[in-house]
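**Q** Okay, handing you the structure first.
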Amino acid sequence: MTTKTRLYSGMQPSAESLQIGNYIGALLNWKALQETHDAFFSIVDLHALTVPQDPALLAANTRRTAAQYIAAGIDPASSTLYVQSHVPAHAELAWLLNTITGFGEASRMTQFKDKSARHGAEATTVGLFAYPVLMAADILLYDTEIVPVGEDQRQHVELTRDLATRFNARFGETFVVPEASIVRETAKIYDLQNPTAKMSKSAESHAGVLWMLDEPSVTAKKIMRAVTDAEGGVVFDRENKPGVANLLTIYSSITGRTIASLEDEYAGRGYGDFKKGLAEVVTGTFGPVRQRVIEMLDDPAELDRTLAANADRAAAVAGETLARAYDRVGLLRGRTR
Ligand code: AMP
Ligand code: TRP
């Protein structure tokens, strides 16, 4: 029996490649947390379906996402890294939770309001509306104590806490009430061409996005062309030198070195030198990860076996929680679950 704190997080399989913001803002953090926690990480393919997906691409991106997480250091032997749809209990518990979620409560989720405003009422589905409830099911199925997420997901974890508390009050102690652990703002990475906008897979131009699966020469080129300023000086000043500050953040996050030691090293030197140094560091990290991803995807049978074994491990935990919840609300036991 493990006595480590149970931790749960998820990521969408919605791009071919992770970008360096995901790597620094999420993956590096998870990699550290898996050492000290009983960690469950899911690739949330059911969540991805809340906006239109190309079926073949969704399948490919699900595998690619898994491969990237493993190649970058999530250990599928110690962490339970699995695909959400492989564990049917997620959809089943989501239904129960839907029945105790207020329509108004769900309508207040800011991510839903933003996304539905962008897509328009006709293109907005009930699935998108219920997205945070499915996320609550993900978390509650595993008796999760800690949920590491970005600031944008804080409200969804709050909803999860409310639903767990409400269910427990109405039907008896069933769920652990989880806590969000918000990833610190300093780990936020900005677009290299537009260093006041968050780096994102949905950026209009990819010139300022560093993809983990870019060829090293492409990564280097993007870094060399990153927007800086006319002033010169490798100094961290987020207000006046957002481009340089962003490059320093990336450099520091990847190497574990302090910003001050990097400022020292590059004092009196030009941006060209600094960018060259950064390009070496980034390609030195991503190059081998990219190679491993290519190898894994070349023969996906082993990757699929790993994901299946981890889904079995997840299903064993989730199945017990779901059975408990079904009993509580008065659903008859049918087949042995
Ligand atoms: P996304 O798939 O874009 O929602 O990103 C998944 C997670 O990666 C987010 O919840 C963040 O923790 C992290 N992330 C994404 N983009 C960035 C960024 N530019 N800077 C820091 N973290 C990011
Ligand atoms: N909604 C989260 C995101 O877009 C992903 C997610 C789904 C998640 N289920 C989760 C995160 C459970 C933490 C816990 O980033």
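**Q** Which one is nearest to ligand 1 (Cβ to nearest atom) among residues in the stretch 1-11 that are open to solvent by 10 Å² or more (accessible area, probe 1.4 Å) and touching a residue at least 40 places away in the same chain (Cβ under 8 Å)? Walk me through how you get there before you give the answer.
**A** Just the residues of the stretch 1-11 that are open to solvent by 10 Å² or more (accessible area, probe 1.4 Å), to begin with: 1-6, 10-11.
This time we only want the ones that are touching a residue at least 40 places away in the same chain (Cβ under 8 Å), so: 5-6, 10-11.
On the way: Thr5: 20, Arg6: 19, Gly10: 9, Met11: 5 Å.
Among those residues, the one meeting the criterion is Met11.
**Q** Now for a different question. Any residue in the stretch 21-38 that's open to solvent by less than 30 Å² (accessible area, probe 1.4 Å): show its pairings with residues that are at pLDDT 95 or above and within 13 Å of ligand 2 (Cβ to nearest atom) at Cβ separation under 6 Å, as long as the two are six or more apart or on different chains.
**A** If the second residue must be at pLDDT 95 or above and within 13 Å of ligand 2 (Cβ to nearest atom), the pairs left are Asp38/Arg6.
**Q** Restricting to the stretch 73-97, give me the number of residues that are within 15 Å of Asp304 (Cα to Cα) and of a type in the set (S, T, N, Q).
**A** Matching residues across the stretch 73-97 total 3.
**Q** Further question on the same structure: Would you say Ile100 is under 15 Å from the mean Cα position of the chain (by Cα) and not charged (D, E, K, R)? Walk me through how you get there before you give the answer.
**A** On the way: under 15 Å from the mean Cα position of the chain (by Cα): no; not charged (D, E, K, R): yes.
The answer is no for Ile100.
**Q** What number of residues within the stretch 185-199 are open to solvent by 30 Å² or more (accessible area, probe 1.4 Å), in a loop (DSSP other than H, G, I, E, B) and within 16 Å of ligand 2 (Cβ to nearest atom)?
**A** Matching residues across the stretch 185-199 total 1.
**Q** Out of the stretch 155-166, which residues are within 13 Å of ligand 2 (Cβ to nearest atom) and either modelled with pLDDT under 95 or hydroxyl-bearing (Ser, Thr, Tyr) (or both)?
**A** Thr160 - this is the single residue of the stretch 155-166 that is within 13 Å of ligand 2 (Cβ to nearest atom) and either modelled with pLDDT under 95 or hydroxyl-bearing (Ser, Thr, Tyr) (or both).
**Q** Being within 15 Å of Phe286 (Cβ to Cβ) and either of a type in the set (D, E, K, R) or free of Cβ contacts under 8 Å to residues at least 60 places away in the same chain (or both): is that true of Lys221 here? It would help to see each step written out before you state the result.
**A** Values: within 15 Å of Phe286 (Cβ to Cβ): yes; either of a type in the set (D, E, K, R) or free of Cβ contacts under 8 Å to residues at least 60 places away in the same chain (or both): yes.
Criteria met by Lys221.
**Q** Of all the residues that make up the stretch 99-130, how many are without any contact (Cβ under 8 Å) to a residue 24 or more places away in the chain and either buried (at least 16 other Cβ atoms within 10 Å of the Cβ) or acidic (Asp, Glu) (or both)?
**A** Count: 6.
**Q** Let me ask something additional. Being at pLDDT 95 or above, within 16 Å of ligand 2 (Cβ to nearest atom) and over 20 Å from Asn22 (Cβ atoms) narrows it down to one residue among Ala180, Ala137, Ala169; which is it? Before the answer, list the steps.
**A** On the way: Ala180 fails: over 20 Å from Asn22 (Cβ atoms); Ala169 fails: within 16 Å of ligand 2 (Cβ to nearest atom).
Just one listed residue meets the conditions, Ala137.
**Q** Give me a count of the residues in the stretch 209-260 that are out of contact with any Phe, Trp or Tyr (no Cβ under 6 Å at 6 or more places or on another chain) and assigned to a helix (DSSP H, G or I). Steps first, please.
**A** We begin by selecting, within the stretch 209-260, every residue out of contact with any Phe, Trp or Tyr (no Cβ under 6 Å at 6 or more places or on another chain); these are 209-211, 213-227, 229-233, 235-244, 247, 249-258, 260.
Adding the requirement that they be assigned to a helix (DSSP H, G or I) leaves 216-224, 242-244, 247, 249-255, 260.
Residues that pass the stated criteria total 21.
**Q** Just name the residue that is farthest from Ala187 (Cα to Cα) out of those in the stretch 219-240 that are surrounded by 17 or more Cβ atoms within 10 Å (Cβ to Cβ) and over 28 Å from the mean Cα position of the chain (by Cα).
**A** Of the stretch 219-240, the ones surrounded by 17 or more Cβ atoms within 10 Å (Cβ to Cβ) are 219-220, 222-223, 226-228, 233-234.
Next, from what is left, pick out any that are over 28 Å from the mean Cα position of the chain (by Cα): 228, 233-234.
On the way: Thr228: 19, Gly233: 22, Val234: 19 Å.
Of everything passing the filter in the stretch 219-240, Gly233 is farthest from Ala187 (Cα to Cα).
**Q** Need pairs with beta-carbon distance below 7 Å; first residue in contact (Cβ under 8 Å) with a residue 24 or more places away in the chain and within the stretch 282-310, second in a helix (DSSP H, G or I) and polar (S, T, N, Q); sequence gap 6+ or separate chains.
**A** What qualifies is Val282/Thr219; Thr283/Thr219; Phe286/Thr219; Val293/Gln68.
The values are calculated or read from the model by the stated rules, or taken from the named source; none is laboratory data. All values derive from a computational prediction rather than experimental measurement. Every residue, glycine as well, gets a Cβ built from its backbone with ideal geometry; the counts of neighbours run over all protein chains shown. Areas reflect the complete protein model, heavy atoms only, side chains present, ligands, DNA and RNA absent. Shrake-Rupley method; radii C 1.70, N 1.55, O 1.52, S 1.80 Å.
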